[in-house]
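Peer 1: One structure coming up, written as C-alpha cells, with questions to follow.
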Amino acid sequence: MQGQSRPWLRMISWLRAVRVLSIAPDPAAREASPLLVLTVVVLMLLLAILEIDLHSADLQSLGLIGDAFSIDPVFKSP
C-alpha cells in the first residue's frame, strides 16, 4: 500500500510548490510561455501512459481497464 501512495505524495508536494510560485508578487513572474505549457502537458501525458502501462495488471484486477479490444500477441513487442 505504501508503494501506491508515493506518486500521490509526490503530486501533492509538486502542487504545493506550484501554489507557492503562483502567489508571487510580480504578475509577470506568473506568466508561462506557451512552449513551456506544451512541454509540461506532453510530459504529463507520457508519465500517465507509463504509469498505466506499469500498473496495468493491478488496474485489470480492479476492473478499471479491460480486454474489450485485445491485441493479437504477434503485434506486441518481443
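Peer 1: If we sort 52-59, 36-43 on the protection proxy, mean other Cβ atoms within 10 Å, highest first, what's the order?
Peer 2: 52-59, 36-43
Peer 1: Using only Cα atoms, what is the ratio of the radius of gyration of the range 32-77 to 2.2 N^0.38 Å?
Peer 2: Here the answer is 1.60, to two decimals.
Peer 1: If you don't mind, another one. Please find the FRET efficiency linking Leu38 to Trp8, where r is the Cβ-Cβ separation and R0 is fixed at 25 Å, and quote it to the nearest 0.05.
Peer 2: 0.45
Peer 1: Provide the solvent-accessible area of Ile12, counting protein heavy atoms only and rolling a 1.4 Å probe, rounded to the nearest 10 Å².
Peer 2: Accessible area, nearest 10 Å²: 80 Å².
The values are calculated or read from the model by the stated rules, or taken from the named source; none is laboratory data. Since we're looking at a predicted model, the values are computed, not measured. Methodologically, a virtual Cβ is constructed for each residue, glycine included, from the backbone with ideal geometry; neighbour enumeration extends over all protein chains shown. Note: accessible area is taken over every heavy atom of the protein model, side chains too, but ligands, DNA and RNA are not part of it. Shrake-Rupley method; radii C 1.70, N 1.55, O 1.52, S 1.80 Å.
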